[in-house]
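Structure record follows, encoded as structure tokens.
Values in this text are rule-based calculations from the coordinates and carry no lab data. The model shown is predicted, which means the values in this text are computed figures rather than measured ones. A quick note on method: Cβ atoms are made from the backbone with ideal geometry, for glycine too, and the neighbour counts reach across all protein chains shown.
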Amino acid sequence: MTPFFKALGWSDYFSDQITSEDTVKLAPLRLTEVRRNRVIGLTPENTRVELALSGDMVATDLAVGDFALYSGERLEQVLERKSVISRKAAGHSAQAQLIAANIDTLFIVTSCNADFNEARLERYVALAIEAETRPVIVMTKADMPLGDPADYVARAKAISDRVEALAINSKARDDIDRLSQWCQSGQTVALVGSSGVGKSTIGRTLTGEDLLTADIREDDAKGRHTTTARSMHLMHAGGWMVDTPGMRELALHDAAAGIATLFEDITDLISDCKFSDCQHKTEPGCAIRAALDNGTLDQHRLERWQKLRDEDVENTDTIATAKERGRKFSKMQRTAFKAKRMRRGDFD
Ligand SMILES: Nc1nc2c(ncn2[C@@H]2O[C@H](COP(=O)(O)OP(=O)(O)OP(=O)(O)O)[C@@H](O)[C@H]2O)c(=O)[nH]1
Ligand SMILES: [Zn+2]
């Protein structure tokens, strides 16, 4: 296999899945973008190809980072994944939405300040472990910490012994270099974390590019210029970074879904408060206050829940905004479709 493809993550794990029969008709590629009816990927020769989906293949079964086989203009087969990051789709359906495949390391980014939140980190770590990627907690703003950065490292490490944790100044190249052990040729990484913690700063230093804003211009079938954001970026250290909008939004949906399960004890207590709109301050018959007083509920845990719940309210707004965007998009599509029918002269 070409050095380029090995750097892109190709390994025996994938070549072992291909029969000699396959290699006659099919060629491998790694998917860098998944759209509704087509995908874009990179071949072992570093050629960008755009493919239609064959037969019963559906885009929702594919993820950025997948290794796959194609023939001619069609994607034929997805190879078994080493890891896959997914999330529960928004809404009540239990369907999983695939975010990215074959990620070796997930950088869970937070800062040495009030953004540091054990409960949120716990969920990210759980997600990484479930996805079979290595969780590395990166705590930025070590140059302007609220408290001692070493304490944050200790708290992050205490979350799980499967976690690596380090505090950095993401604006200092020497500090970013400490991440390069996970960014070597053949390795794929992704970044998650709240807004403003330094993901773009880290991504820019590791790749030399402005990730999500790094657009490429291409000609569509009608010769028009369209702009699309790429999802996979080569890092200076030789590995690749995945940055998809889905990855950035992981936190939002995740927070909404995780709170109830993680804080079941608190939600149970609240249902025992005398007043349904109890603020758990001075009200009589407050089950939360009673639990704090008798020591069955920890004050810090309560505060963690309160902070997450407040965030969740914000996130719900963000999801509503995303839905609004979705509505505008389908309206745009309907308008375009109508215009097309009118051009064809078929008016109803
Ligand atoms: N001093 C200092 N500033 C930092 C550090 N990391 C990030 N910043 C600054 O914090 C701000 C936010 O950083 P970004 O990299 O844009 O954060 P982000 O996580 O990409 O945010 P979103 O794009 O909203 O998801 C920028 O002004 C950065 O320069 C750090 O380690 N030290
Ligand atoms: Zn109460």
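Fewest Cβ neighbours within 10 Å first, please rank VAL192, VAL64, VAL58 accordingly.
Ordered from fewest to most neighbouring Cβ atoms within 10 Å, VAL192, VAL64, VAL58 come out as VAL58, VAL192, VAL64.
In terms of packing, defined here as the mean over residues of other Cβ atoms within 10 angstrom, the peptides 287-300, 110-123 line up highest first as 110-123, 287-300. What percent of all Cα-Cα pairs in the range 3-78 falls into each 10 Å bin, going from 0 up to the bin containing the maximum distance? Once binned at 10 Å, the Cα pair distances of the range 3-78 give 20, 57, 23, 0.
Pairs from the list LYS157/LYS199; LYS6/LYS157; LYS281/LYS307; LYS6/LYS171; LYS82/LYS157 with a Cα-Cα gap above 23 Å: LYS6/LYS157; LYS6/LYS171; LYS82/LYS157. Full extension of the segment from GLN299 to GLU264, taken as 0.36 nm per residue of separation minus the current Cα-Cα distance, would add 11.1 nm.
Among VAL84, VAL197, sorting on how many other beta-carbon atoms sit within 10 Å of each Cβ, with the fewest leading, yields VAL84, VAL197.
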